[in-house]
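Everything on this sheet refers to the single structure shown next.
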Amino acid sequence: MDEQSGGTFPQTLIDAFRAAPDLPAFEYEGRTVTRGEVLGAVAAFVRGLRGAGLTAGSHVALDTGVSPEAFAVRIAAHAVGCTVIGLRPGLPREHLRSILARDVAAVITDDTNNAGLSSAADALGVPLLDAAALRPREAPLSDFGDLTAQGSPDDIGIIHLTSGSTGRPKGTTVTYAALSLNWAFGPACWNDRVRRLAARYERFLLFGTLNSAVVFEHLGLCLMGGGTAVIPGQPLRFPEVFAQHRVTACLVTVPRLYAILDAAREGGADLSSLRSLLVAGSPLPPHRLTDAAALLGPVVHHGYGQTETGMLSVLEPEELAGDPGLADSVGRPLETVETVVRDSEGRDVPTGDAGEVWVRRPDFFCGYWGDAQETADVLRDGWVRTRDLGSLDADGYLRLAGRIRDIVIVNAIVHYAGPIERALASHPDIDQAYVVSVPDEHSGEAIHAFVVPLPGAAAPAEETLRELVARELGTASVPAGVGFLTEVPVALSGKPDKAALRAMVPPR
């Protein structure tokens, strides 16, 4: 095993917690949970999992919320060497059934009232284990002294479900060897840029789901940097939660950022504790990133990554302040990430030219669960095709232009949604813009746009927006229709829900 890992995942985390048992790990329900207490829970869960007949290689599905106990049961499953399948909240029953039918030994849940999950598990004869019952007692601190990770490097350690933004969610598989090399969990190999980011994670706001690859990765960055994960009560209110819990770092999607900016414009939002607001998940128009930096100060980080790869690049606020022209970039790739831009034939393109972004790093996923064809399409000789369009400049900054498959084909001509969205969002009175394809009996597909005007601004005329696109991209890229919204629908993943937008378009 590589020296970064210190053993098979999660051994590095176990060792870090064992070295500082009195250091806070979580704040939850008004109490501080120390690292020693978390390890005690992990040790107890390890015994419970083994008592339930689960061993290294067992497929275990997790349906758990956000709590120190949910974190401990996942770490315990990894310590046993199980293949963990993280179930996203809100999965349709048919998706649950298709997942549980695939050699799943047990489902662990902290919500025994989840009727859909219970029905799917019962129908397939998969045991449903109550997480609380797996840990009948708190292990004393002395009980975790010999806690050792048992996963085999070549076994699958985690199956993350993608957000499904391009269709049905896929399962991305990551080996224990790759988990052991994950950049966030390996502080011995952090460079200055990662250390700067980790230092801002002193009090990291933890919400959403621990079964999100990106959330778990940034939780690791917080904990391995000595920070505390703060789990707020529900309902979660932004931006009040920042001042209420003295939050220093938060990971947000673009729609949530817009809500925070609206509150900041209205005044009264106390954001003084924030040191990092990392925005990721979907494109952020350059002028909105500039607005965010002006309103919130030098705390906004613009990140880029995928479920398959984890975080790939980040633009630091100091970089943006030094060069405002970088607002249209997602920063420089992390030093551990090899990044190239290639044409449709897989050949490298010259610096500055657009193409598909390909990336490589030892801790990436190793394939899609049970989908050899999709795996072969995305994984090429150790490289991951991101299926995102972009370019790298001479200084290494990455600029994205949209997804290869986020397209509209009008009269057999391919139009990428990204450039049209950016053109629309460049209007001074438009806050957000989204483009979807809709069926059209004359052209096959038609471009339809939705825009959200800035709060307090008058909505521009549809023809004004159409002319803007024509000037920027030509008449062929002009939307056939433009809809005006006060807010964009958001999917469970936190990303804009383009399927819901598409359903709002009147039949043509």
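Give me the Kirkwood hydrodynamic radius of region 273-368 in Å, from all C-alpha pairs, to one decimal place?
On the way: mean 1/r = 0.0684 Å⁻¹.
Computed over region 273-368, the radius equals 14.6 Å.
Specify the inter-centroid distance of region 173-216 and region 301-347, based on alpha-carbon positions, in whole Å.
17
Tell me which of Pro489, Thr475, Val452 sits at the most positive position along the dipole axis of region 342-499, charges placed on C-beta atoms (Lys, Arg +1; Asp, Glu -1).
Checked the options; the winner is Pro489.
Hey, how many Å between the Cα centroid of region 78-94 and the Cα centroid of region 476-494?
32
Which one of Val279, His95, His218 has its Cα pushed farthest toward the positive end of the charge dipole of the chain, where Lys and Arg give +1 and Asp and Glu give -1 at the Cβ?
Checking the options against the dipole of the chain, the answer is His95.
With an 8 Å cut-off on Cα pairs and a minimum separation of 6 or more residues, tell me the relative contact order of region 1-87 in percent.
Working: 112 pairs, mean separation 23.5, N = 87.
The normalised contact order for region 1-87 reaches 27 percent.
Calculate the spin-label point distance for Asn191 paired with Asp154, positioning each point 7 Å from the Cα along the beta-carbon direction, and give it in nanometres.
Between Asp154 and Asn191, the simple spin-label model gives 3.2 nm.
If I take R0 = 30 Å and measure r between the Cβ atoms of Leu473 and Asp343 in this structure, what FRET efficiency does the formula 1/(1 + (r/R0)^6) give, to the nearest 0.05?
Details: r = 21 Å, r/R0 = 0.70.
Calculated transfer efficiency: 0.90.
Assuming a viscosity of 1.306 mPa s and a temperature of 10 °C, what translational diffusion coefficient in µm² per second does Stokes-Einstein assign to region 309-360, Rh being the Kirkwood radius over Cα pairs?
129
How far is it, in nm, from the label point at Ala321 to the one at Glu441 when both lie 7 Å from their Cα along the line to the Cβ?
5.9
Just need the relative contact order of region 176-311 here, percent rounded to a whole number, with Cα pairs under 8 Å and 6+ apart. Working shown, then result.
Numbers: 189 pairs, mean separation 30.1, N = 136.
Rounded, it is 22 percent for region 176-311.
Rolling a 1.4 Å sphere over the protein heavy atoms, what is the accessible area per residue of region 1-100, to the nearest Å²? It would help to have the intermediate numbers written out before the result.
Details: 3360 Å² over 100 residues.
Each residue of region 1-100 exposes 34 Å² on average to a 1.4 Å probe.
Rounded to the nearest 5, what % of DSSP beta bridges with both residues in the chain are antiparallel? All intermediate terms of the calculation are to be shown ahead of the outcome.
Values: 51 of 82 bridges.
DSSP beta bridges in the chain are roughly 60 percent antiparallel.
I need the calculated FRET efficiency for the pair His287 and Ala52, taking r as the beta carbon distance and R₀ as 60 Å, to the nearest 0.05.
Once the sixth-power term is evaluated, E becomes 0.65.
Using the C-alpha atoms of the chain, what convex hull volume per residue, in cubic angstrom, is computed? Could the numbers behind the result be given before it?
On the way: hull volume 77.5 nm³, N = 508.
Looking at the chain, the number lands at 153 Å³ per residue.
Tell me, in nm to one decimal, what length is gained between Asp110 and Leu485 on full extension, where the rule is 0.36 nm per residue of separation less the Cα-Cα distance? Don't skip to the answer; put the middle values down first.
Values: separation 375, 0.36 × 375 = 135.00 nm, distance 3.74 nm.
Stretched fully, the Asp110-Leu485 segment lengthens by 131.3 nm.
Could you list log10 I(q)/I(0) for region 46-141 at q = 0.22, 0.24 Å⁻¹, which the Debye formula gives when each Cα is one point scatterer?
Normalising to I(0) and taking log10 leaves -1.15, -1.36.
Please give the peptides 66-78, 204-216 ranked by average Cβ packing (other Cβ atoms within 10 Å per residue), highest first, as a rough proxy for protection. Don't skip to the answer; put the middle values down first.
Details: 66-78: 23.8, 204-216: 21.6.
Ranking the peptides 66-78, 204-216 by packing returns 66-78, 204-216.
Rounded to the nearest 0.05, what FRET efficiency do Arg405 and Ala503 have when you use their Cβ-Cβ distance and R0 = 25 Å? Let's see the in-between values first.
On the way: r = 19 Å, r/R0 = 0.76.
Efficiency, from the Cβ-Cβ distance: 0.85.
Tally up the carbon and sulfur contribution to the accessible surface of the chain as a whole percent, 1.4 Å probe, everything protein left in place.
Working: 10510 of 20760 Å².
Carbon-and-sulfur percentage of accessible area, whole number: 51.
The values are calculated or read from the model by the stated rules, or taken from the named source; none is laboratory data. In this text the structure is predicted, and so the values were computed from the model without any measurement. Quick reminder, even Gly has a Cβ in these numbers, built from the backbone with ideal geometry, and neighbours come from all protein chains shown. Ligands, DNA and RNA are stripped out before the accessible areas are found, and what is left, the full protein with its side chains, is counted by its heavy atoms. Shrake-Rupley method; radii C 1.70, N 1.55, O 1.52, S 1.80 Å.
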